[in-house]
Amino acid sequence: MNTRTAYTLVMIGVFGHASSEFFAVLSGVTGPEVSVWRFVLGAIGLLIITQAMPAARDILTPLRQEWKTLLPLSLLGVTLPYLAFHWSLDFASIVQIGTLMTTIPIFVGITNLLVNRHPLGLVKIVSGLCAIIGIALLVTDGYLLQLAGDNRSLTGIGLALVSTIGVGSYTVFVRPLILRHGALRITTISMSIGAAGLWLMVGTFWSIWVNPATIFAMPGNVALPLLTVGFWNTTITQLCWLMGLAALPDITRGSYLFFLKPVITALLAWLILTQPITWTQLLAIAVICSSVLFEFMSDYFRR
């Protein structure tokens, strides 16, 4: 796979991630339950694709060979982060959560540095600082300044931060497995294990046992967003995101495209859900997204 194709796949993944909050809220299913729907349906979609492609049909071999890595990686990199992500939407707005999730590349870079000794360099440090400033603007958006105010937004931001750390770390740790066995097979196995973990955890602690077959009895305004968040925001998005990043020589730089996510998220929230966007949130989006331009123009500036 050439670099252009890899970046295209990553960008498709960014668009998919950017609209996930939108479709999750549009479904009307809230909290941990929507995370189960998303990954159960997404895993079903991936299983269908693998069985339709002879080269990827054998998912048992990599599972037998890599289960000691895949099991904890899937639970800590899929189950826990996405449970926290969808739960956070019950406390904070789409724009706040969507903007905070764009900091995933920071944790990709930090994990890549710690695990693979891949240096961040001055450009990536400056870009990361831009994102941190954006996070500070986001977190202080009228909540920390009101000492006696409602702390629900801070709870949502805390949950979203757990999600960003988990997803960023998972992206780095899963890359060697993808290079050995292929993105489709490893993504299918990992998402399936993660979905099973979500189903069991939400059923045990929230007493919500999701039955995928009941989606056919749901009204269209609920079923259609759930199918979209399952098959588009999970099956296609996760596959393109992980496949594209695994094919790039610099996984940290490729992940910086994720900083474009809040622009798409904010536009969807404003145009379709009519959720207001404050000037502070707009400034946070501008600061965070400026790091993308800085990172990808850095080679030009050097020359």
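The values are calculated or read from the model by the stated rules, or taken from the named source; none is laboratory data. If you're wondering where the values come from, they're calculated on a predicted model, not measured in any experiment. Neighbour counts run over all protein chains shown; Cβ positions are idealised from the backbone, glycine included.
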Any chance Tyr256 is assigned to a helix (DSSP H, G or I) and at pLDDT 75 or above: yes
So, first residue under 11 Å from Val78 (Cβ atoms) in region 179-207, second residue among the aliphatic types (A, V, I, L, M) and outside any helix (DSSP H, G or I), Cβ within less than 6 Å, six or more apart or across chains; the pairs are Ile189/Ile59
Answer yes if at least one residue in region 195-203 is farther than 17 Å from Gly42 by Cα and part of a loop (DSSP other than H, G, I, E, B), and no otherwise. no
In region 80-100, which residues are assigned to a helix (DSSP H, G or I), surrounded by fewer than 24 Cβ atoms within 10 Å (Cβ to Cβ) and either at pLDDT below 85 or of a type in the set (S, T, N, Q) (or both)? Ile94
Just checking, how many residues over region 216-226 are more than 24 Å from the chain's Cα centre (by Cα) and under 13 Å from Glu33 (Cα atoms)? 0
Taking region 101-114 as the search range and keeping residues that are assigned to a helix (DSSP H, G or I) and crowded, with 23+ Cβ neighbours inside 10 Å, which one is modelled with the lowest pLDDT? Met101
Residue check: is Arg117 basic (Lys, Arg) and at pLDDT 80 or above? no
Check Ala213, Ala160, Ala195 and return the single one that is surrounded by 23 or more Cβ atoms within 10 Å (Cβ to Cβ) and closer than 18 Å to Ile48 by Cα. Ala195
Select from region 276-286 the residues that are under 21 Å from the mean Cα position of the chain (by Cα) and either buried (at least 20 other Cβ atoms within 10 Å of the Cβ) or not in a helix (DSSP H, G or I) (or both) and list them in ascending order. Gln281, Ala284, Ile285
Subset of region 271-290, residues out of contact with any Phe, Trp or Tyr (no Cβ under 9 Å at 6 or more places or on another chain) and either touching a residue at least 60 places away in the same chain (Cβ under 8 Å) or of a type in the set (Gly, Ala, Ser) (or both), comes to Gln275, Thr278, Thr280, Gln281, Leu283, Ala284, Ile285, Ala286, Val287
At pLDDT 90 or above and either within 22 Å of Ser291 (Cβ to Cβ) or not aliphatic (A, V, I, L, M) (or both): does that describe Val139? no
Take Leu268 and decide whether it is of a type outside the set (S, T, N, Q), touching a residue at least 24 places away in the same chain (Cβ under 8 Å) and under 23 Å from Ile49 (Cβ atoms). no
Out of (1) under 17 Å from Ile186 (Cβ atoms); (2) in contact with a Lys or Arg (Cβ under 6 Å, 6 or more places away or on another chain), the one Thr102 does not meet is (1)
Counted residues, region 26-39 - those being surrounded by 24 or more Cβ atoms within 10 Å (Cβ to Cβ) and of a type in the set (A, V, I, L, M, F, W, C): 4
